[in-house]
Amino acid sequence: MSVDLTNQRARLCAVIAEPTVESARAALNRAAAVADLAELRLDSLVDVDFASLDWLGRLLEGRQIPAIITCRSVEEGGLNQVEDPRRIRLLVEGAKRWADYCDIEARHYQLAAALRPEPSKLILSHHDFGGAPANPSELYGAITQFPAAVHKVSFLARSITDSLAAFDLLERARDKGRQLIAVAMGSAGVITRILGPAWGSFLTYGSLEAGRESAPGQLTCRELKDSYRVHSITRETSIAGVIGNPVMHSASPAMHNAAFAALGIDWAYLPFEVDDLGAFFDALVYPASRRLDWNLRGMSVTIPHKTAVVPLMDEVSDSARAMGAVNTVVVDGSRLEGHNTDMAGAMVPLDRLIDLTGRTCAVLGAGGAARAVIAGLLERGAVVEVYARDVSKAFALRDLFGIEANRLSDFESSSSQVVINATPVGMRGHESGSPVPATALRDRSLVYELVYNPIETELLRDARRMGCRALSGIEMLVAQAALQFKLWTGLDAPIEVMQDAAQKWISEESKSAST
Ligand code: NAP
């Protein structure tokens, strides 16, 4: 097969690491539906004789997309110990006879050169699982001293700012008119996988299925193609994203990217795993100091950065100031505006259902979400009481808002008509169960759950059994995101699209968590 990939803007490469020739062939066929090319990790095969080559012809015969073959040594993450001369011969001869490219470690170039590889089919790579290159310029010189069709650098990003080295290498390659693949592995490096092609990376890798990643931080081809839309991202694309830690389990990319696609606007929303907020703002956010020339327009902020981000803003909205927390950043030219859509977002579904004036409402938990909900309830004239396991935190909210404060264990004696769970109890990955006993919900009119993953929690099931109306946390999730969308784009968010995307994302998450 000979396919000209040179004029394609972004190339999505499915990585296939299967144990048998037949399963690899089947995966190669499946890959054609989601990827532009595939990389076959031959070191994962257990049913072949690495001394012969014929099985490779069988594997690659009749493929619908171009194929890269590689066979990593165990030291470079390979699964099967194949001696270097045998491995390199397999790759060089395999590419001459069947494959479109072979990927060989640059440190074995001499071994490969002796076999006279086809230059237009050679990818020379450098992998570093230890961290980012201290000197990208030196590394670039070292790997490009050997001729190849494409060079590749893949390293582990220990922090999101390490990703800058990958963009730096891509800029160098572009200036020299060379083809390069640059990937920062790990969840902190995910931006290089999504934006890499727009910065000229020859390809970006994805896994064929969730849970089958061949490198840390790898997304699925479906996510890269359909959610992040890597084929249409350019350097002009408006970029938004969520700052958090951890952040890879956020539903926000699915919601916002679906909304951008539905409105046909040139925006992309990325996960930003940030450990050091100040370093991230200096290197990637502040227009005056950032080292990535990108069209960053906005950010969502989630745990643990909502409070720490406040002093980094040029301007803070009244609601954000009142809550001491920013969950939305608007990048307006050189200025950063901080907003908080949690309070308004929490109130949207409640306002649709009941008039809160004069209602007694019990809020469970005394963290950030509780604070946003309490502020919204008071604004509507509700009578609020807070219940927390650490009563000193409830007292702090009592002093701030002038409300009643109690121990969570005393909730049963509350006569509140509306109950709002602002604890993470019942959330996937946290304590299971419900924050209060089912019997304590009897005769309440409405139970509002802020946990959204899973959509159906034990608290909501108990509430329905006890005859209460039940409101799921997905409503707030979508409402606060829709307000962020409007702040960044100035457009009304397609609410149903966001709701569907969030629901789909949550159900896929729960499937992959249970497999
Ligand atoms: P947070 O700031 O960490 O506050 C959590 C509160 O829950 C704290 O008062 C904490 O008490 C309490 N808590 C934790 N574990 C508990 C347990 N096992 N039993 C009783 N109380 C417990 O978190 P947050 O940002 O407020 O978020 C709280 C929940 O709301 C999370 O599940 C989050 O996903 C959800 N949320 C949903 C949305 C949405 O859009 N639907 C938006 C924001 C938040 P301690 O201080 O004693 O640990």
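Any read-out appearing in this document is the output of simple, stated calculations on the displayed coordinates, not a laboratory observation. Only a predicted model underlies this, so the values are computations on that prediction, with no experimental measurement involved. Here Cβ is always computed from backbone atoms with ideal geometry, including for glycine, and neighbour counts include all displayed protein chains.
Rounded to the nearest 20, the Cβ-based charge dipole of segment 181-269 about its Cα centre (Lys and Arg +1, Asp and Glu -1) stands at 80 debye. For the chain, the relative contact order is 9 percent, taking Cα pairs closer than 8 Å that sit 6 or more residues apart in sequence and dividing their mean separation by the residue count.
Principal-axis analysis of the Cα atoms of the chain puts helix 391-401 at an angle of about 70° to the longest axis.
Kindly express, to the nearest 10 degrees and within the range 0 to 90, the angle between helix 84-97's C-alpha long axis and the longest C-alpha principal axis of the chain. Roughly 80 degrees, rounded to the nearest 10. Cross-link pairs exceeding 18 Å in C-alpha to C-alpha distance, out of K306/K511; K225/K504; K121/K152; K306/K486, comprise K306/K511; K306/K486.
In terms of the mean number of neighbouring beta-carbon atoms within 10 Å, the peptides 131-141, 166-176, 462-472 order highest first as 166-176, 462-472, 131-141. The calculated FRET efficiency for A113 paired with R158, based on their beta-carbon distance and R0 = 51 Å, is about 0.90. Translational diffusion coefficient of the chain (Stokes-Einstein, Kirkwood radius from Cα pairs, 20 °C, 1.002 mPa s): 86 µm²/s. Using the Cβ of C13 as centre and a radius below 9 Å, the other residues enclosed give a net charge of -1, where K and R count +1 and D and E count -1.
Inter-label distance, E431 to A32: 5.4 nm, where each label sits 7 Å from its Cα along the C-beta direction. Here segment 89-129 is assigned +1 on the Cβ of each Lys and Arg and -1 on the Cβ of each Asp and Glu. Its dipole about the Cα centre then comes out at about 220 debye. Per residue of the chain, the DSSP helices (runs of n ≥ 4 H) give a summed -39500 (n - 2.57) that works out to -9500 deg cm²/dmol at 222 nm.
Relative to the dominant Cα principal axis of the chain, helix 495-514 is inclined by about 70°. Each peptide in 394-403, 181-190, 254-263 gets a packing score, the mean of other Cβ atoms within 10 Å over its residues, and the list from highest to lowest is 181-190, 254-263, 394-403.
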